[in-house]
Structures are given as structure tokens and as C-alpha cells.
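**Student:** Quick one: the structure is below, questions incoming.
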Amino acid sequence: MSRIPLQTLPTFRAVAQLSNLRAAAEQLHLTHSAISQQIRLLEEQLGFALFERRGRRVVLNAAGTVMLGAVESALAQLDEAVRRAGASDTEQRLRITVLPSFAQHWLLPRMPRWRESHPDIAIEMHTSHRVLDLKRDGFHAAMRQGRGPWRGLEGTCLIDTPLIVVGSAERGRRLLGCDARALAQEPLLGEADRWERWFAMAGYAGHVNPVAVFNDMGMLVQAAEQGMGIALCRELVAADALRDGRLVRLSPLALADPGADTFWLLHPPELADWPPMVALRDWLQAELLASEQQMQSSLAQAQTPVEPERAPGATRGPGTPRAAGTVKPKQSTIRRPR
């Protein structure tokens, strides 16, 4: 038997999985004619047919079913060999895709520390809201938020981060310790349904009408920093701004949605023990723990009661109440999944 034309094997696999030449052509970015020619070439070289034609569909015959098992195994071994070969470079390279808001407001400020601790592992970062096909698009890992599904990938739960109410430093001086009714009078940034759920949790049932809605959490945080209004945003995305005093947490109440709040590190199963992947996973967990600890101070600040203004020289007597809206302290709302 002549040598099997290796370039036809991915085409054969795609046609076998989709049972349609046109669908396989679209997936592989080839013409319908090119797909037909490759299947014909493979069958001629093998000396037997692999498919049965049933109208527009092509279905594997017995020989094709046996062949598919061998081809899938061979291609998987080649993929793994390529990944391992790439990992043997002097400077290893990790290609990751992350959410834009997470990259801009949390990951990028920490990249100098990554470089200091892992000078031999370069990171190539791609930002996107879309869930990409890691293997097809050549990525080693993805950082995503939510419940998935993450088909064909192995995931590590990194941290849960709920929605909290934040405002600029100027608004913090006015509003820290105020109740939900007072916050509702401010320009609101973010989605109305989330604000309605937060106010309902806070015991306020008034009308909610945000002045601006953003499709990116990072833009929402920036708008709050610039004094456009108060925002209901992800605790982790706002962590550095809270630490630096650019934002102030205005209430200890947090809107949690279990599962939807979770950040994940996702990768193909065969890369779970790849040293660069292990290094990335360990580093992320350590940095997120540090952020979690920093969040304690912003939570404590949000729980601090505001003293009412008094005339110069006046003192607060034992019966004088504190400012309205003081909230009983709670435990931190940011959680590490188990």
C-alpha cells in the first residue's frame, strides 16, 4: 500500500464527525471541491471506501469507523507532541485569552511580578469576551467567568467575586455609611435588574433608573472613578482602585450569584501538569489570595459608621444616635471556591 497522504487525515476526521462535506469545508475553511478531492485521494490510496453516500449526508461504513479511531488517536498524539516540543524551548511561552476588564484592571498591573518570579516563561495575552476554541485557535489557557459549560477543558475555580457598590473618593466622603434610600438618589451606573436586586436586598423598593449601562466591567469601574455616578461592579475588578483610594466601597452588602460569580482558569486536560501551566495556576492563586486579603480593608471601611456633623466644640452625648444607615458588620463577601 502506498503511503497515506497525511494532509487528508484532518479532513477525513472532520467529514466523519459532521457527516457532511459542506459543513466540513466551512469548519476547515476549504472549498467543497477541495474536501471531496481529499476524501477521494485518501480512499484511492487506501484501496477501499470509507463512506456511504446518503443524499447530502456521508456516513462512515465499517472500514471508515475503524479508520476514524486510528486517525483520532494519531492526531491527538501529534498535537501533544507539538505542545511538548514547544514547551522545550529555552524561553517557554504561554498563550492565554482573558476577559478585557480582568486583564486591564487586575492582571496587567501584576505582570511585572510574574516576570520577576518566572523570567523564563513569556505570556502572550489575548483579550476577548468570546469563548474561543483553545486548541483550534492555538491557546494554552483561558480565564473566564461563569458556569460554562467548558466542554473538553479542565478547569480550576480561582475565586468567587460578587457585585458591590462603589463610588469615587468624593462620593465616599458624602455617602459612606448612608442607607439604601440615600444611595438611590445618586446617579446609578450599571444594569437596572442588578440594581433592583441589590436595593431589594437592602430593603429599599423605590424606582431604579440607571443613567448609564456598560458592556464591559472595566469601563463601569472607570466611570465610577471619574465621578459619573455610583456603580455596582465586580469586587475583584475594583480591588486595586479600592486599595489605592480611587474608589470607596459604600456598603458592606454584596449581590452574589453562586456560579456566575466564579472566575476559572481553563485549559486542555493534557496540559494540567505542564510546568508553565502549573506555574501560572499557582501564581494566580497566590495573587488572588493577596487581593482577597486587601479587600478586607475596603469592607471594614464600608462598615465604618459615619459620625453626624456637630457644631465646633460640641460633643456627642451618650444618647446621641449615630448617622442613619449604619450597617451591622458582616463577614467578607469575597469567597474562594472549594
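**Student:** What is the number of the single condition among (1) out of contact with any strand residue (DSSP E or B) (no Cβ under 8 Å at 6 or more places or on another chain); (2) over 30 Å from Gln285 (Cα atoms) that Arg113 does not meet?
**Tutor:** (2)
**Student:** Based on what the data block shows, is Gly229 open to solvent by less than 10 Å² (accessible area, probe 1.4 Å), touching a Gly at 6+ places or on another chain (Cβ under 8 Å) and in contact (Cβ under 8 Å) with a residue 60 or more places away in the chain?
**Tutor:** yes
**Student:** I would also like to ask the following. Scanning for something within 20 Å of the chain's Cα centre (by Cα), in contact (Cβ under 8 Å) with a residue 60 or more places away in the chain and over 23 Å from Leu236 (Cα atoms), does the stretch 173-182 turn up at least one residue?
**Tutor:** no
**Student:** Here is a list: Ala254, Ala241. Which entry is assigned to a helix (DSSP H, G or I), out of contact with any Gly (no Cβ under 6 Å at 6 or more places or on another chain) and touching a residue at least 24 places away in the same chain (Cβ under 8 Å)?
**Tutor:** Checking each option against the conditions leaves just Ala241.
**Student:** Which of the following residues is of a type in the set (Lys, Arg) and open to solvent by less than 10 Å² (accessible area, probe 1.4 Å): Arg249, Arg243?
**Tutor:** Arg249
**Student:** Are there any pairs with C-beta distances below 6 angstrom linking a residue in the stretch 119-147 that is hydrophobic (A, V, I, L, M, F, W, C) and open to solvent by less than 60 Å² (accessible area, probe 1.4 Å) to a residue that is modelled with pLDDT under 90 and part of a strand (DSSP E or B), with the two at least 6 apart or on different chains, and if so which?
**Tutor:** Ile121/Gln92; Ala122/Arg93
**Student:** In addition: Can you find, within the stretch 262-290, the residue that is most open to solvent (accessible area, probe 1.4 Å) among those that are in a helix (DSSP H, G or I) and in contact with a helix residue (DSSP H, G or I) (Cβ under 7 Å, 6 or more places away or on another chain)?
**Tutor:** Glu270
The values are calculated or read from the model by the stated rules, or taken from the named source; none is laboratory data. Keep in mind the model is a prediction, meaning the values are calculated, not measured. Reconstructed Cβ throughout: ideal geometry from the backbone, glycine too, with neighbour counts over all protein chains shown. Accessible surface areas use protein heavy atoms only, side chains included; no ligands, DNA or RNA. Shrake-Rupley method; radii C 1.70, N 1.55, O 1.52, S 1.80 Å.
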